[in-house]
Every structure is written in C-alpha cells, then in structure tokens.
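In what follows, a single structure is set out as structure tokens and then discussed.
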Amino acid sequence: MKLSNLILLSIASIAFFYIQLWEIHFVIPLYLIMLSVFIAIGIFTKNVNMTHISGFILALTSLSVVVYESGLVNYVTPEENPLLQSFLIYGTQIFFTVTIAIVLIFRVQLSRLLSNSRGIELTHFDGVFHWIFLYMAMINLLALLEDMAYILFDIKSWTLIYDNFEGLIYIAWAVCCGALLTMMICEAKLSRSDEANAS
C-alpha cells in the first residue's frame, strides 16, 4: 500500500471512529490517550521530534480540558449577559487553539530550549500541525460569530457551525492523530532503510 493511501486511510478511519461516537466525554479521553501513546512511542524509538510535538499538543489540550471540565469558564461568565458569556466560552477556546498553533510554529526553538538532543530538527510534518489548530481556531471563531448573530439579531437560521461543531473538531483531531501516525510510520521506514544501507 502506498504511503499516501495509508495516510488518507488512517485519517479517515480515526475521523469516522470519532464521529460515530459523537460524545465529547468519550472522544476527548480517546484523543488524549492517543497523544500519550505517540509520546510513549516517541520516547521508546528515541524520536525526540515526535515526542515533543505530541507532548506540546497533549499538554495544552489537557490544560484546555481542565479549564472547561473544572467549570472555571462557567464561574467567570455572567448568565445575565449572554453576549459576554458566549465571547468568554468561545474566546477561551480560540486562545488555546491559537496558543497551540504558535507553540507548534516555534516547536524546534522550544524543543531546543527543553532538550540538548542533536536529533531536534524541522521535520516535514512541522508544517502541517499548526494549520490543524488554526483551522480549529477558525471553527471556534465562526461558532462565536454565529452565536453573536443569534444573540444580537435573533438570527435562528444560522446554525451550520453549531449543528456540526463536534464533527468539525473531531476531523481536526483525526487529522492530527493521522499525521502523528504517518510521522511514526515514516520514521520507522527511514530507520529500517538506514539499517539496511549500513549492513
């Protein structure tokens, strides 16, 4: 099977699996577990780049989950002002996704600050991950604008993002996991071909 077909198949499979569950309380733990597995594989195979990419995504996504699950956002959102409430809820998520994107843009520099490993380098995959989180920031921004249109102008027909919000985010998570899986497969193939050339 060609590598490009394997990439598409893995992304489609993960997206289909997430969307079939359609329950955020099941999908978030699965996503975090998958990121943890990629970190463990990166540590085991001594792939510092995959370990750091997965680690940065896991750390910031976990922080976001803690903020929402602890009800911290709900404590500071005033119920009497739905516009401010919507802005805080979606704005916090936009902040987290943009922060992850910025961290991934400067991933090599941050990795070098954290580790002295000589294996830290810009990979072919570094150009992919930040776009996934910028896409998620855009989805949250569109959801915020849609909610503002509903609150300010009573436009009840604009619910495209609201009705499909989970699926749109699950697709981004699936692409992220698929890219990490592809990175792992490519690194394994590269190390095997290096071993074959050495012998």
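Worth a mention:
- Selection from segment 160-172 of residues that are under 15 Å from the mean Cα position of the chain (by Cα) and open to solvent by 40 Å² or more (accessible area, probe 1.4 Å): Phe165, Glu166, Leu168, Ile171
- Taken as a whole, segment 68-84 holds no residue that is at pLDDT 90 or above, open to solvent by 50 Å² or more (accessible area, probe 1.4 Å) and either outside any helix (DSSP H, G or I) or of a type in the set (Asp, Glu) (or both).
- Within segment 149-159, restricting attention to residues that are without any contact (Cβ under 8 Å) to a residue 12 or more places away in the chain and open to solvent by less than 70 Å² (accessible area, probe 1.4 Å), the residue that is nearest to Leu83 (Cα to Cα) is Ala149.
- Residue in segment 22-62 that is modelled with the lowest pLDDT, counting only those that are outside any helix (DSSP H, G or I) and open to solvent by 60 Å² or more (accessible area, probe 1.4 Å): Trp22
- Condition met for Val175 (at pLDDT 95 or above, open to solvent by 40 Å² or more (accessible area, probe 1.4 Å) and out of contact with any Asp or Glu (no Cβ under 8 Å at 6 or more places or on another chain)): no
- Residue selected from segment 118-148 under the condition of a type in the set (Gly, Ala, Ser) and within 14 Å of Gly91 (Cβ to Cβ), by the criterion surrounded by the fewest Cβ atoms within 10 Å (Cβ to Cβ): Ala137
- Condition broken by Ile19, with the remaining ones in (1) open to solvent by less than 50 Å² (accessible area, probe 1.4 Å); (2) out of contact with any Asp or Glu (no Cβ under 7 Å at 6 or more places or on another chain); (3) at pLDDT below 90 satisfied: (1)
The values are calculated or read from the model by the stated rules, or taken from the named source; none is laboratory data. Computed from a predicted model, the values in this text were never measured in an experiment. When we count neighbours, we look across all protein chains shown, and the Cβ atoms used for this are built from the backbone with ideal geometry, even at glycine. Heavy atoms of the whole protein, side chains included, go into the accessibility calculation; ligands, DNA and RNA do not. Shrake-Rupley method; radii C 1.70, N 1.55, O 1.52, S 1.80 Å.
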